[in-house]
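Okay, so here's the structure we're looking at.
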Amino acid sequence: MKILIVDDDQNILRLYKEELEEEGYTIVTASNGQEAIERFEREDPDLVTLDILLPDIDGIKLLRQMKEKKPRLPIIMSTAYDYRDDFAVWASEAYIVKSSDLTELKATIKQLMEKE
């Protein structure tokens with residue numbers, strides 16, 4: 001299973017990549033919206049984790065673009081801030097607050113993959 005991780009924080013990208021590769025996933029990373037769209041189209045991921053705050057594009061706009069192209073693709077919004085009251089994030093399958101403890105992220109990925 002291939003996961004696209006989109007985050008402008010290099011430490012988060014490295015942490016997610018290492019931890020999720022240990023779980024047996026193939027990981028593709030992108031550090032901005034433009035790169036994310038290019039990798040999304042080229043790599044055809046099975047799941048995306050998407051940061052809401054990116055330097056070049058709003059993560060919610062990116063979420064909409066990805067959902068237009070692949071409506072059934074599971075997307076997990078991840079952010080350092082709590083956006084749950086923003087209805088736009090509800091278009092995603094899940095929402096997590098970033099943490100160095102990836103227990104919640106891993107559990108969410110497993111749950112979403114079991115639905116497929």
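Straight-line cross-link partners of Lys106 among the lysines, defined as a Cα under 18 Å from its Cα and at least 8 positions apart when in the same chain: Lys2, Lys17, Lys98, Lys115.
Neighbour counting of Cβ atoms within 10 Å sorts the residues Ser31, Ser78, fewest neighbours leading, into Ser31, Ser78. Residue exposure proxy: Val28, Val48, ordered by other Cβ atoms within 10 angstrom of their Cβ from fewest to most, comes out as Val28, Val48. Charging the Cβ of each Asp and Glu at -1 and of each Lys and Arg at +1, and nothing else, the dipole of the chain about its Cα centre rounds to 380 debye.
Over all other residues within a Cβ to Cβ distance under 12 Å of Lys69, the charged ones net out to +1, with Lys and Arg as +1 and Asp and Glu as -1.
Would you compute, from DSSP H runs of 4+ residues alone, the mean residue ellipticity of the chain at 222 nm, taking -39500 (n - 2.57) per run and dividing by the full residue count, rounded to the nearest 500?
The helix contribution divided over the chain gives -13000 deg cm²/dmol.
Selection among Tyr25, Gln10, Thr49 by position relative to the dipole of region 9-58 gives Gln10 as farthest towards the positive end (Cβ unit charges, Cα centre). Over the chain, Cα pairs under 8 Å with separation of 6+ residues give a relative contact order of 22 percent. From the list (i) 19.9, 68; (ii) 12.9, 40; (iii) 12.6, 33, can you say which value of Rg and Dmax of the Cα atoms in Å was derived from the structure given? Computing Rg and Dmax of the Cα atoms in Å and matching it to (i) 19.9, 68; (ii) 12.9, 40; (iii) 12.6, 33 gives (iii).
A short reminder: the numbers here are calculations on the coordinates, not readings from a lab. Because the structure is a prediction, the values reported are computed rather than measured. Here Cβ is always computed from backbone atoms with ideal geometry, including for glycine, and neighbour counts include all displayed protein chains.
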